[in-house]
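Reviewing the structure listed below.
The values are calculated or read from the model by the stated rules, or taken from the named source; none is laboratory data. Quick caveat: nothing in here was measured; it's all calculated off a predicted structure. Cβ atoms come from the backbone with ideal geometry, glycine included; neighbour counts cover every protein chain shown. Calculation scope for accessible area: heavy atoms of the full protein, side chains included, ligands and nucleic acids excluded. Shrake-Rupley method; radii C 1.70, N 1.55, O 1.52, S 1.80 Å.
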2 protein chains.
Amino acid sequence: MRWNGWGDPDRAAELPFAVRSLLPLLLGRIRRPEPAVALADVRLSPSAFTSEDADVFAAVLGVDQVRTDAESRVRHAGGRSTPDLLRRRDAVQAAPDAVLQPRDHDEVVVCLRLAAERDIAVIPFGGGTSVVGALDPERGGHRAVVSLDLGRMSGLLGYDAVSAEAVLAAGTTGPEAERLLAQHGMELGHYPQSFRFATIGGFAAARSSGQNSAGYGRFDTMVTGIRVATPTGDIELGRSPGSAAGPDLVRLFLGSEGIYGVITEVRVRVHPVPVERVMESWAFADFATGAAALRAVAQLGNGPTVIRLSDEAETSVSLAQVGKIGKALARGASVVTVFEGDDVAARRARTAGLLQAAGGTSSGEGPSEDWLRTRFDGPYLRDALLDAGVFCETLETATTWSRLEGLREAVTRALKSGFADAGRKAFVMCHVSHVYPTGASLYFTVLAPLGADALAAWDGIKHRVGDAIMAAGGTISHHHAVGRDHAPWLGEEIGETGLRILAAVKRELDPEGIMNPGAVLGAATPVPARAAGA
Amino acid sequence: MRWNGWGDPDRAAELPFAVRSLLPLLLGRIRRPEPAVALADVRLSPSAFTSEDADVFAAVLGVDQVRTDAESRVRHAGGRSTPDLLRRRDAVQAAPDAVLQPRDHDEVVVCLRLAAERDIAVIPFGGGTSVVGALDPERGGHRAVVSLDLGRMSGLLGYDAVSAEAVLAAGTTGPEAERLLAQHGMELGHYPQSFRFATIGGFAAARSSGQNSAGYGRFDTMVTGIRVATPTGDIELGRSPGSAAGPDLVRLFLGSEGIYGVITEVRVRVHPVPVERVMESWAFADFATGAAALRAVAQLGNGPTVIRLSDEAETSVSLAQVGKIGKALARGASVVTVFEGDDVAARRARTAGLLQAAGGTSSGEGPSEDWLRTRFDGPYLRDALLDAGVFCETLETATTWSRLEGLREAVTRALKSGFADAGRKAFVMCHVSHVYPTGASLYFTVLAPLGADALAAWDGIKHRVGDAIMAAGGTISHHHAVGRDHAPWLGEEIGETGLRILAAVKRELDPEGIMNPGAVLGAATPVPARAAGA
């Protein structure tokens, strides 16, 4: 992956001519920014990792698996939010003091023990695709901070054909997991936009949701078991499907983003590689009509594998299909449906009946095929936009169907007024990409002129948006998770008692507070035993 | 409900002639037991509830809502396991010191505060149908213990037609919930065998699973939000479907069986009352063939609302259809399928194709109709069996498909050898009633001559069975939950680290340890702050 952008450098996209022409119309005057710093010119904060530290960890992991060189450090300096990428453009950057690369669960256990003994914070690192600050090199009052890169822990550790379950090492990437499962004729079917780089452990730790969630569920629901190394002991969960043996503790580690320990293995349910795939696209008069149609589909059930609704703005610039951006200025709101499995014709007919009855007009396979072909390409375009002086960021939430339209309006208003107050014209697009019987997600993309103070301006706007989400009854995140960026709203989401519960578990499992300090709990992170003098 | 048996006394069944004839063939010689004690003759342990206690709670709840009379106490003395019912036959019985009947969430909050101040343990009481000892009047080192009966907290507190969500007060019974939802054309569709008496809060606290779980999911998956009163603060969870805002804390209260606080309100997803219902029954050569067929159905998906497989023993005595017990001595293993919804014909055809391909022969609607008509009647029959001197108990587990047959054999063996060592011939039946893509539940019914030492004998056999379940890779409970009876195995199920997590949350929310002491955590229950001198 590019050290300061998205994905494979060879795939980096030039901004298409059509987009370059469209942007001034949408955003007004755009200035080219200062060129980004070259990797060789980045000045990192000095490393607090001592040669003794290096020796101690190298004795366990091997010398090559303890990295303190500048490139290794800067490549683990953060995730892939737009603020992360803007920070990667600066001459001076913060980075972890070292990068550790354990080979398996047992090496992770030793790393955590040594880190706790040596007063070193640990940031678990999977694919590095967090967009909520979960990978910030925060020391949290400790002497140093290391990035624990799980990239070497990759592979299919177990496969049960009868039970349709597979055990994957946490560092296995999405494509590698699918490649390994395909050898058994199976797939996981989890395709978030981060699919090409993100890892199985990261999907679990962040409660990821993929584009096929209507068919195969959120990653939460795919997980049937986990193995976790914590600073005070291992835990293996998920003996059986459908257990009532006390609270479901798997769900306490899903979404924990490394604050309790390191998820090292994930057991998942898998299904046969689909024998058939059909798709159909639909046009609706407006977002509200389209949303009502999606609701009908979600509540009836047994519908599509993928269903998405782009609002008028997103439809108009066809950003839903990156390859066609700016080509067709469609009107109204557009819907993509994809059906995979053994009974696709019946499900397509069933869904088509509902969408038509709700006011939709079929627009054939074309737009859905375009979406499917280019669905992982959006982040490449962001790199090109930043280079051209255009700020581009995404954020997401979810709520019940009855609150969906109000939430969309509130977030759109907060984004537009926030940028207006910062002296910029913003273009805001929204889509629904995950539906449930009781509600749906909303995913926003915002474009605006970058400006020299982009980071500070966005920080203020993001806070305004977070407050708007809470006031309108949304969740602070549907699938990006909490990290550090969303921690200020977690108390409003789960209440003071909820924060106390999460902190109590943290104190129990990680009394020194070395695990990803400041993530998820933010200011509610308990004071470590050491700092408290215990 | 009968104070010492199951359900409405007017429905109490005489043992049918066919059963009376069959029992000696299955079990050998059966002696009639001593007659059960009459309610008026029960001698209760003295109440530790003082008149000051009564005055303090009466000031909040009203005099009539603080019960210390013998009948109220004995009616809250336990659940409805067979050991519970055997204990209800004794002349001397343990019971809570008082019964409190709050009217709403706020009154529950005050009850918990007063109980903590006055060193009184609290056992939340819903429908009283626990079969795992969750309602035992255990003081846990406190001065007294009260049963907190939520029966007055009944009703539909909110309904969102657009989002298909309803908020139900925790004390609402299954039938009452369905009656209230039917007024909106909706249903919950949760039909465990305890349906007629158990409550919404109890379903949540115990992670219940109903007979329609293949269609509508476990109760876990129906819950979209909860409100809980704990001794140290309220919590409301479930802002949105599909959230990634940290760990899913709803799942920490589902299955907590009152050890953290009292679930007072439950938000659930609901669906339209099904427009159609069709059913079909199937015969298989044996259990293993039938199980493989169910696996195919569960893994393909979009199948029946109900699917059940009775093993050879259960099929032979037709205990699956209580109304027909002993009538038809069918051979092989039998399967019931029921389809509800809008597309029942297609799903029935789809399922029939799989079952036929897997070796099944259709036996028409009859057996499925019989099952549906009598599905809540099993427990009534147990009362009649106990009166006739026959011990009858059920227990359940679940595991992955690949371990299912081994688990069934291990449990059957443990039951038979356990009773043999206790000098009794046992008859063991088993069915699968809940299926998942990765595994299924197993539900056992055992019959044996009662004998004078039935409680002690069963205690030893139950331990042998629990150990066998663990050794064979099963969960200690699929839907009966943990209570006190399964607590000894929870450590093996979730590990030492898992127990530490549950205990840490307990210390945080209930530092005095007043909430259902000894339930779930058993010996791992943390020492209360008071007792520890903190």
Item checked: For A:ALA144, distant residues with modelled amide H under 5 Å away -> A:ALA121
Check: In whole Hz, what ³J(HN,Hα) sequence does region A:44-56 give by Karplus (6.51, -1.76, 1.60; θ = phi - 60°), x for Gly and Pro?
Finding: 8, 4, x, 7, 8, 7, 8, 5, 5, 3, 4, 5, 4
Next item on the list: About the Cα centre of the protein assembly as shown, how large is the charge dipole given +1 on each Lys and Arg Cβ and -1 on each Asp and Glu Cβ? Please answer in debye to the nearest 20.
Entry: 1020
Next item on the list: Rounded to the nearest 10 degrees, what's the angle between the helix B:105-117 long axis and the longest principal axis of chain B, both from Cα atoms, 0 to 90?
Entry: 60
Note to self: Show me the GluC sites (Glu not before Pro) within region A:442-534 that DSSP assigns to loop and that have at most 13 other Cβ atoms within 10 Å of their Cβ.
What the structure shows: none
Check: Which order, highest average first, do B:168-174, B:21-27 follow once you tally other Cβ atoms within 10 Å for each residue and take the mean per peptide?
Finding: B:168-174, B:21-27
Margin query: Tell me which of A:ALA456, A:ALA283, A:LEU61 sits at the most positive position along the dipole axis of the protein assembly as shown, charges placed on C-beta atoms (Lys, Arg +1; Asp, Glu -1).
Written below: A:ALA283
Check: Could you give me the ³J(HN,Hα) list for region A:511-517, computed from phi with Karplus coefficients 6.51, -1.76, 1.60 and θ = phi - 60°, whole Hz, x at Gly and Pro?
Finding: x, 7, x, 7, 7, 6, x
Notebook entry, point to check: Which whole-angstrom value gives the distance between the alpha carbon centres of region B:490-507 and region B:258-312?
Noted result: 30
Checklist line | Which listed pairs, of A:LYS506/B:LYS506; A:LYS462/B:LYS506; A:LYS425/A:LYS462, have C-alpha distances above 24 Å, in listed order | finding: A:LYS462/B:LYS506
Notebook entry, point to check: For the pair B:SER417 and B:SER363, how long in nm is the line joining their label points, each one 7 Å along Cα→Cβ?
Noted result: 3.2
Item checked: Spin-label pair B:VAL527/B:ALA91, simplified geometry with 7 Å Cα→Cβ offset, distance in nm -> 4.0
Next item on the list: With both partners inside the protein assembly as shown, how many of the DSSP beta bridges are antiparallel, as a percent to the nearest 5?
Entry: 85
Notebook entry, point to check: What ³J(HN,Hα) values, in whole Hz, does the Karplus curve 6.51 cos²θ - 1.76 cosθ + 1.60 give for region A:248-254 when θ = phi - 60°, with x put for Gly and Pro?
Noted result: 7, 6, 3, 5, 7, 8, 5
Note to self: I'd like the accessible area for B:TRP371: 1.4 Å probe, protein heavy atoms, all chains in place, Å² to the nearest 10.
What the structure shows: 10
Next item on the list: At 0.36 nm per residue, minus the direct Cα-Cα distance, what do A:GLN183 and A:LEU39 gain on full extension? Give it in nm, one decimal, please.
Entry: 48.0 nm
Item checked: Distance from region A:376-400 to region B:379-432 (C-alpha centre basis), Å -> 59
Note to self: If you fit an axis through the alpha-carbon atoms of helix A:378-387 and take the longest principal axis of the Cα set of chain A, what angle between them do you get, 0 to 90°, nearest 10?
What the structure shows: 80
Check: For the peptides B:266-278, A:354-366, what is the packing order when you average, over each peptide's residues, the other Cβ atoms within 10 Å and list the highest mean first?
Finding: B:266-278, A:354-366
Next item on the list: Set the Förster distance to 25 Å, then compute FRET efficiency between B:ALA452 and B:PHE17 from the Cβ-Cβ distance, nearest 0.05.
Entry: 0.40
Next item on the list: Take the Cβ-Cβ distance between A:ARG31 and A:ARG103 as r, set R0 to 41 Å, and report the resulting FRET efficiency rounded to the nearest 0.05.
Entry: 0.30
Item checked: Largest to smallest accessible area among B:ARG139, B:ARG308 [probe 1.4 Å] -> B:ARG139, B:ARG308
Check: Residues in region A:333-359 near a label at A:ALA296, defined as backbone nitrogen under 14 Å from the 7 Å Cα→Cβ point?
Finding: A:349-359
Notebook entry, point to check: So, in nm, how far is label B:LYS425 from label B:ALA345 when the simple model puts each one 7 Å beyond its Cα toward the Cβ?
Noted result: 5.1
Check: Distance from the Cα centre of region A:104-130 to that of region A:3-38, in angstrom?
Finding: 36
Check: Against the longest principal axis of chain B, how steep is helix B:490-509, in degrees 0 to 90 to the nearest 10, with axes from Cα atoms?
Finding: 30
